[in-house]
Amino acid sequence: MATGHANVRSLLNAFERLGVDAGLTADPETVRRAGRVVLPGVGAFGAVAARLEQGGLMQALRERVAAGRPLLGICLGLQLLLEASEESPGARGLGAVSGTVTRLAVQAGAKVPHMGWNLVEPVGADPVLGAKPFHAYFVHSYAARPAASGDVAAWCDYAGDRFPAAIRRGAAVAVQFHPERSGPAGLALLERFAKGSP
Amino acid sequence: MSLIRRIIPCLDVQSGRVVKGVRFQDLQDKGDPAALAAAYEAQGADEIAVLDVAATPTGLQTQRTVVEAVGRALSIPLMVGGGVRTLADMGALLESGADKVAVNTAAVLRPSLLAEAEKAFGRQFVVLSVDALRRDGAWVVTTRGGRDATSRPALDWIREAVDLGAGEVLLNAIDADGTGGGYACDITASISEAVGVPVIASGGAGGPEDILKVLTAGKADAALAASIFHDGRWTVGAVKRYLSEQGVSVRC
């Protein structure tokens with residue numbers, strides 16, 4: 001899905017390397033019907049949410065999640081699954097997962113954005129995330145805070161803030177890191193999402 | 001846990017080929033950018049930098065072609081810089097596959113470019129590249145690849161740039177570039193402590209000891225190096241094994 005800002009080229013490159021047929025769309029009908037949908041996203045929560053709302057994409061995504069059809073959210077695409085964000089007061093997300101998004105609460109002297117590689121620790125064996133801890137590339141200043149810890153599929157710890165590295169709600173899975181920029185572990189994750197059973 | 005320190009091989013590119021000189025002079029051919037980038041990723045690089053050293057106004061198209069080829073070969077982040085002048089240049093490089101773009105001279109000449117870039121692409125995309133030169137004991141900012149020195153103290157400029165919208169700082173101590181004599185740890189540490197964004201140290205790596213020093217005493221979040229990898233003296237993996245043995249947190 002085209003959300004603007006994001007380096008969608010790297011994501012398309014990754015799917016090309018995996019031999020997965022992927023294209024860019026901003027059409028709600030395509031979002032409803034596609035076998036797999038990826039919601040990437042870099043930029044401000046409010047601006048991207050507004051663009052999705054205007055294009056009828058927010059509704060298409062809500063229906064998709066409610067129908068239990070596969071969706072992969074990346075970075076802001078994870079945060080958009082929640083109800084709202086401290087980054088953009090008043091803006092509404094998908095609300096597929098209860099909770100909000102808040103700024104990273106790091107120890108004094110730690111740098112924000114959280115930019116670089118960090119360890120992702122899956123909670124259990126997830127069909128897309130796998131079961132073993134792996135390193136992934138993060139770039140973000142905000143983190144999701146789901147109301148129910150059962151929605152968290154993997155954790156990450158940065159400078160004293162333990163936040164969800166991944167969230168799962170049915171067939172919708174979302175990651176705070178960038179699998180398309182996380183080396184072989186990230187490519188394997190994308191491959192499992194693209195080629196796994198629905 | 002603390003953030004893992006990054007090792008970033010740098011590809012200085014001219015006319016579509018990787019080159020390397022000493023203090024930006026006497027450039028020698030070091031190979032094809034996409035092939036080298038892929039090799040460094042396989043060795044364990046955490047990120048790749050592609051810097052257009054010619055940085056001519058007509059060079060953007062050539063640079064886009066290089067960025068597209070390198071981006072296709074990589075599954076790790078790609079930083080691109082050299083000759084980036086406008087918001088349109090930055091947008092074009094994003095479209096070609098850059099994950100972040102380093103701006104230098106254009107930002108010194110017109111600092112508001114950083115604020116505009118932050119608004120258009122997000123802070124994570126905007127890297128402030130600074131070529132600093134030691135003059136009478138103080139580090140000052142230079143422009144045009146070190147050719148023009150200004151009177152602006154480096155720390156002063158970097159603080160302003162981060163306030164405006166830079167999400168990361170690429171600090172190149174040009175006295176040291178390509179010499180293998182070690183990074184400038186003093187300036188790197190004072191900048192890393194003064195700003196709340198990651199600092200990438202660049203210029204002067206002669207071996208893993210230098211990288212260790214700049215990541216510890218120099219307090220850098222990442223180390224960028226070119227010559228030691230191009231010359232085959234060290235692989236990225238060997239450097240990271242050494243760092244790990246010395247207690248530095250790296251991705252293995």
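I'd like to check something: does segment A:115-135 contain any residue that is buried (at least 16 other Cβ atoms within 10 Å of the Cβ), facing chain B (nearest Cβ under 10 Å) and modelled with pLDDT under 95? Yes, segment A:115-135 contains a residue that is buried (at least 16 other Cβ atoms within 10 Å of the Cβ), facing chain B (nearest Cβ under 10 Å) and modelled with pLDDT under 95. Pairs are defined by a Cβ separation below 8 Å, a sequence spacing of at least 6 or placement on different chains, a first member in segment B:101-119 that is over 15 Å from B:V162 (Cβ atoms), and a second member that is hydroxyl-bearing (S, T, Y) and surrounded by fewer than 21 Cβ atoms within 10 Å (Cβ to Cβ); the pairs so defined are B:T105/B:T143; B:A106/B:T86; B:L109/B:T143. Taking the criterion of being of a type in the set (K, R), under 29 Å from B:A222 (Cβ atoms) and out of contact with any Ser or Thr (no Cβ under 6 Å at 6 or more places or on another chain), the residues of segment A:128-178 that qualify are A:K132, A:R162. The condition of being touching a Leu at 6+ places or on another chain (Cβ under 8 Å), at pLDDT below 95, among the small types (G, A, S) and outside any helix (DSSP H, G or I) holds for only one of A:A108, A:A26, A:A96, that being A:A26. Only residues that are out of contact with any Ser or Thr (no Cβ under 9 Å at 6 or more places or on another chain) and either in a helix (DSSP H, G or I) or within 14 Å of another protein chain (Cβ to nearest Cβ) (or both) were counted in segment B:201-215, giving 7.
Condition check: surrounded by fewer than 24 Cβ atoms within 10 Å (Cβ to Cβ) and within 14 Å of another protein chain (Cβ to nearest Cβ). Does A:A165 satisfy that?
Values: surrounded by fewer than 24 Cβ atoms within 10 Å (Cβ to Cβ): no; within 14 Å of another protein chain (Cβ to nearest Cβ): yes.
Criteria not met by A:A165.
Check whether at least one residue in segment B:140-152 is within 14 Å of chain A (Cβ to nearest Cβ) and in contact (Cβ under 8 Å) with a residue 40 or more places away in the chain, and report yes or no. Reasoning before the result, please.
First pass over segment B:140-152, keeping only residues within 14 Å of chain A (Cβ to nearest Cβ): none.
Among the residues of segment B:140-152, not one is within 14 Å of chain A (Cβ to nearest Cβ) and in contact (Cβ under 8 Å) with a residue 40 or more places away in the chain, which makes the answer no.
Looking only at segment B:123-150, count every residue that is over 29 Å from B:A88 (Cα atoms), among the small types (G, A, S) and part of a strand (DSSP E or B) and tell me the total.
Of the residues in segment B:123-150, the ones over 29 Å from B:A88 (Cα atoms) are B:133-139.
From what's left, among the small types (G, A, S): B:137-138.
From what is left, the residues that are part of a strand (DSSP E or B) are B:138.
Here the count works out to 1.
Within segment B:64-87, track down each residue that is within 27 Å of A:A185 (Cα to Cα) and part of a loop (DSSP other than H, G, I, E, B). Within segment B:64-87, B:L74, B:S75, B:I76, B:P77 qualify. Between B:S15, B:S2, the distinction of being within 19 Å of B:S96 (Cβ to Cβ) and either surrounded by fewer than 19 Cβ atoms within 10 Å (Cβ to Cβ) or at pLDDT below 90 (or both) belongs to B:S15 only. For segment A:37-74, the set of residues classified as within 14 Å of another protein chain (Cβ to nearest Cβ) and of a type in the set (A, V, I, L, M, F, W, C) consists of A:V42, A:A44, A:F45, A:A47, A:V48, A:I74, listed by residue number.
Of the residues screened, B:V80 is one that is at negative phi, within 14 Å of chain A (Cβ to nearest Cβ), modelled with pLDDT of 95 or more and surrounded by 19 or more Cβ atoms within 10 Å (Cβ to Cβ).
The values are calculated or read from the model by the stated rules, or taken from the named source; none is laboratory data. The structure presented is a predicted model; accordingly, all values stated were derived computationally and were not measured. Glycine gets a Cβ as well: all are built from the backbone with ideal geometry, and neighbour counts include every protein chain shown.
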